[in-house]
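Colleague: Take this structure first; my questions come after.
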Amino acid sequence: MSELTAEEKRLQDDHQKRAAWHHWGPYMAARQWGNVREDYSADGEAWRYFTFNDARMRAYRWGEDGIAGLCDHHQFLCFAPVFWNGADPFLKERLYGLSGKEGNHGEDVKEYYFYLDNTPTHSYMKFLYKYPQEAFPYQKLLDENMRRTRQDPEYELLDTGIFDGDRYFDITVEYAKNTPEDILVRISVTNRGGQEASIHLLPTLWFRNTWSWNNSARPVLSVMSPDLIQASHSELGEYFFYCQGEGELLFTDNDTDSQKIFGVPNASAYVKDGINEYVVSGHKEAINPKQTGTKMSAYRILKIKAGQTQSIHLRLANVKDLKEPFGKNFDDIFDLRLKEADEFYHKVCPFKLPDPMRYIQRQAFSSLLWNKQFYHYVVEEWLNGDPAQPPPPENRKSGRNSTWRHLYSEGVISMPDKWEYPWFASWDLAFHTIALSIIDPEFAKQQLIKLTREWYMHPNGQIPAYEWNFSDVNPPVQAWAALRVYRIDKKIRGEGDKLFLERVFQKLLMNFTWWINREDSEGNNVFEGGFLGFDNIGVFNRTQLPTGGHMEQADSTAWMAMYCLNMLAIALELAPSSPAYEDIANKFYEHFLFIAAAMNRIGPSEINMWDEADGFYYDVLRLPDGRHFPLKVRSMVGVLPLFAVETIDPKVWEALPNFKERVAWFMQHRPDLTNNVTCMEMVGRADRRLLSIVDRDKLKKVLQKVLDEAEFLSPYGVRSLSKAYDGKPYTFSLDGQTYGVDYEPAESTSGLFGGNSNWRGPVWFPVNYLLIESLQKFHYYFGDDFKVEFPSKSGKFLDLWQVASELSHRLINIFVPDAQGRRPMYGNVSKLQNDRYWKDYLLFFEYFNGNNGAGLGASHQAGWTALVAKMIQQQAEYKGFD
């Protein structure tokens, strides 16, 4: 094994508890306002109860937000830079965006910021924020987006013209850890405009408010000297904040301005917005002249000539007598940590890789790491209220999340997007762990274990879905993720962490049982489940059918078949060292056969999911009066059965005779089940065995549509809905009502079923990744001789590994500049495509236009879009790039 890099040694020291390198990190939300945790309203309208305008005056209960923020992993002490251009109506303390009720396509951040670099231990981090020099157009963004309809595009900050003439500042925030408890901060400001401009910098240190809710001890910030502040906290201990440069030290308290918010006199003269009042409004009495409190800023004013850069240095450490906190050693530490980050990422991907690909991969990893967040939500306390506060409305005790009183979350979790989705989503998180496992497998494993712990998982076995409704049903992908993380980690370390795999497996047995008992309502191995993450993919809301009855869902049933095979594969991995798992493997094998047979049943009196004439899978609507109808929409729902595939190597087969015997029994005694699937065929490669919902013929038929450019195949991956419905919507009429689905390659044009995502045409990374992986598994069994047309009707035939590779390239190319230097992800946005100070900074969007690859939805959803890093890794390892 090669020598460890410095970053790998830090990871090892952290995981073995020799040094707490993960103690401090970018664990602050980008948006804390407008979320469920902070909502104590009677109507549950979180966006309306705690608004952006409230946020600068109102203390948060459950967390903090900021721009490029840093905090400890319990978020006791927080740091973030604050800015003012002299024109805005208030300090720029947090990123602005619209709530779900304000945006014409749902909630949306209206700022430009980029996660440029990060390492797994956060030993080096880099963040870029673009701040206009003119007054930020808050009201203009709100008014125009409120005026626009869902048929109109979103109105973005660039559309306002605020960046015309380049009158803005590039603000780069960098962190470098000298030790786990000695953190260097460098804030560099570049004036991109043509004239000298001033900027007010207020690097801010504050304590999360924990004292207002239960009368706990109040921490304190106090001045030791003009450039040194002491931070004292009963649990965190003492830290010291060193501030370079001349300026004022401004102190207030992180307490709610009750006078402004509620019309009630403040308990203290110094409140959360005191520093804002002092700087922007000139209210000298708003800050504490004794220079003590729970929130403080080092106030610096920089005058920067056109094109020039100025920097300020800061340092947060648990040492109070650093002799030269900003000496030559300061920049040397930054240089060293950056060099070590380069070494680490080159070792992560040691293959021959073009610079643009290496850059995309590193940006994806960095964005994923920046999206870590301290997430605190104790449902029991949230429902009942806090001792030192008025009780919440009585009806909330039976309202949102009221059946999840056991849930107690207080730790660092990988978030989908810290502004738009500053709360965990269980199926999103499963995909996050795939890319995370390449750079920090221990953290990836901890994330998967976390969701199955007793303070997350419901006593009935359900895994919490997401903050807005923990009881919702998301795809059961945790077993798949655990197995993939285990295998990636095994490849890196040379041995598998079977203890991790076993811990997750034992808890997932409970979750699997919950699915079987709850979602298979008629006991026929056909599953329901609702929207399953695909917000508006169906003709109507599959969670609340307007017709009554129930839906037999091709996707829900396929997810369960996939879940069976994932659990089977884990059991087979564990069985050689723990024979009891062989019996469990038998059980999941049997489960899979019944589910696969149900999906593929054929009978003259039945309406089946598999349509032989169309060569595709469809949902079936069953009404209370016994009528049933197939909903013949060619969508990702009908592609999902391809994901239920697993191969079994001969050596596994031979090592587990009881399992082998059980399979033989089914082959002999239940051909009605085994004949419906490509199961344990004696064809293929070296007696390798295949379990799959689809047989060879069905696989080819489904792929014929998936790989057809007139249907699913986009230049940028596989669409979520067939393009055949472009201008020709699918319609379904029943009892005088007509329901329809049309192809929408970009944002959704209706608010159907709530939410602001669209599964009616765009390209989504998570399902594309699962499809690619499934094709690789099929190739592993069928080999090079099994070929399909790619694209369909082209006359060009490829084996399935080549098809998977081609799909990976299409997805990767969303981020790659074309021959004209344009990245598809940025569409027709000229500044992002052409400006030298913009075009090389990447965003990892939620989903992508099915026609042109333009990024859509949440702009920093690196969570599952960071899967592009894994795709690049695999392409580099197995094929390379031209």
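The values are calculated or read from the model by the stated rules, or taken from the named source; none is laboratory data. These numbers were taken from a predicted model, which means no experiment stands behind them. All Cβ positions, even for glycine, are placed from backbone atoms using ideal geometry, and neighbour counts span all protein chains on display. These accessible areas exclude ligands, DNA and RNA; they are computed on the full protein's heavy atoms, side chains included. Shrake-Rupley method; radii C 1.70, N 1.55, O 1.52, S 1.80 Å.
Colleague: As I understand it, the value is the acute angle between the Cα axis of helix 441-452 and the longest principal axis of the Cα atoms of the chain; what does it come to in degrees, rounded to 10?
Modeller: It is inclined by approximately 80 degrees.
Colleague: I need to check one value: relative contact order of region 360-513, counting alpha carbon pairs closer than 8 Å and at least 6 residues apart, in percent.
Modeller: The value is 21 percent.
Colleague: Using a 1.4 Å probe, how large is the accessible area of GLU789, given in Å² and rounded to the nearest 10?
Modeller: For GLU789, solvent-accessible area is about 50 Å².
Colleague: Probe radius 1.4 Å, ligands and nucleic acids left out: which of ARG518, ARG622 has the largest accessible area, and how do the rest follow?
Modeller: ARG518, ARG622
Colleague: Enumerate the calculated ³J(HN,Hα) couplings along region 803-810 in order (Karplus 6.51 cos²θ - 1.76 cosθ + 1.60, θ = phi - 60°), each rounded to whole Hz, writing x wherever the residue is Gly or Pro.
Modeller: So the Karplus estimates, Gly and Pro as x, are 4, 4, 5, 5, 5, 4, 4, 4 Hz.
Colleague: Once each part is reduced to its C-alpha centroid, what is the distance from region 1-34 to region 181-219 in angstrom?
Modeller: 22 Å
Colleague: Which lysines have a Cα less than 21 Å from the Cα of LYS728, not counting those fewer than 8 places away in the same chain?
Modeller: LYS632, LYS705
Colleague: Determine which lysines satisfy two conditions relative to LYS295: a Cα distance under 20 Å, and not lying fewer than 8 residues away in the same chain.
Modeller: Once the sequence-local lysines are set aside, what remains near LYS295 is LYS92, LYS260, LYS272, LYS284, LYS320.
Colleague: At 7 Å along Cα-to-Cβ for each site, give me the label-to-label distance between GLN151 and LYS347 in nm.
Modeller: 5.8 nm
Colleague: Taking θ = phi - 60°, what integer Hz values does the Karplus form 6.51 cos²θ - 1.76 cosθ + 1.60 yield along region 827-844, in sequence order, with x for Gly and Pro?
Modeller: Ordered by residue, 3J(HN,Hα) equals x, 9, 7, 4, 4, 6, 8, 10, 6, 5, 9, 10, 5, 9, 9, 9, 10, 10 Hz.
Colleague: Then there is this: Just read off the accessible area of THR557 with the full protein assembly in place, 1.4 Å probe, to the nearest 10 Å².
Modeller: About 0 Å², rounded to the nearest 10.
Colleague: Assigning unit charges at the beta carbon (Lys, Arg +1; Asp, Glu -1) and nothing else, what dipole magnitude in debye, to the nearest 20, does the chain show about its Cα centre?
Modeller: 680 debye
Colleague: Looking at region 1-94, I'd like the Rg to Rh ratio, where Rg is from alpha-carbon atoms and Rh is Kirkwood's inverse mean 1/r.
Modeller: 1.15
Colleague: With a 1.4 Å probe and every protein chain left in place, tell me how much accessible area LYS632 has, in Å² to the nearest 10.
Modeller: 80 Å²
Colleague: Given Cα pairs under 8 Å that are at least 6 residues apart, what percent is the relative contact order of region 1-119?
Modeller: Once normalised by length, the contact order is 20 percent.
Colleague: Another question about this same structure. Compute the angle between helix 328-348 and the longest alpha-carbon principal axis of the chain, please, reported from 0 to 90 degrees and rounded to the nearest 10.
Modeller: Tilt of helix 328-348: around 0 degrees.
Colleague: Using θ = phi - 60° and the Karplus relation 6.51 cos²θ - 1.76 cosθ + 1.60, list the HN-Hα couplings for region 414-429 in order, rounded to whole Hz, with x at every Gly or Pro.
Modeller: Per residue, the Karplus-derived 3J(HN,Hα) values read 6, 9, x, 6, 6, 9, 7, 10, x, 8, 6, 10, 5, 7, 4, 4 Hz.
Colleague: Of the beta bridges DSSP finds with both residues in region 66-198, what % are antiparallel, to the nearest 5?
Modeller: 95 percent
Colleague: Provide the packing ranking of 728-736, 10-18, i.e. peptides ordered by the mean count of other C-beta atoms within 10 Å per residue, highest first.
Modeller: Result, highest mean first: 10-18, 728-736.
Colleague: Viscosity 0.890 mPa s, temperature 25 °C: give me the Stokes-Einstein translational D for region 792-850 in µm²/s, with Rh taken as the Kirkwood radius over C-alpha pairs.
Modeller: Taking Rh from Cα pairs, D becomes 184 µm²/s.
Colleague: Also, quick follow-up: Debye calculation, C-alpha points only, no solvent: report log10 I(q)/I(0) for region 416-480 at q = 0.16, 0.18, 0.25 Å⁻¹, in the same order as the q values.
Modeller: -0.52, -0.66, -1.18
Colleague: Then there's this: Give me, ordered by chain and number, the residues 5 or more places off GLY293 or on other chains with an amide H under 5 Å from its own placed amide H.
Modeller: For GLY293, the qualifying residues are LEU221.
Colleague: Right, another one. Could you order ASP785, ASP331, ASP39 so the one with the most accessible surface comes first? Probe is 1.4 Å.
Modeller: Order by accessible area, largest first: ASP785, ASP331, ASP39.
Colleague: Could you tell me what percent of the DSSP beta bridges with both partners in the chain are antiparallel, to the nearest 5?
Modeller: 95 percent
Colleague: Continuing with this model, one more query. Which one, GLY853, ALA869, TYR826, is farthest towards the positive end of the dipole of region 817-882 when Lys and Arg carry +1 and Asp and Glu -1 on their Cβ?
Modeller: Checked the options; the winner is TYR826.
Colleague: Going by alpha carbons, how many degrees (0 to 90, nearest 10) lie between the helix axis of 765-782 and the longest principal axis of the chain?
Modeller: Its long axis makes an angle of about 40 degrees.
Colleague: Show the residues, 5+ positions off or on another chain, whose built amide H is closer than 5 Å to the amide H of VAL412.
Modeller: Here TYR375 satisfy the definition.
Colleague: Given H placed 1.01 Å from N in the peptide plane, which residues other than close sequence neighbours of ASP117 have an amide H under 5 Å from its amide H?
Modeller: Counting only residues 5 or more places away or on other chains, the set is LYS126.
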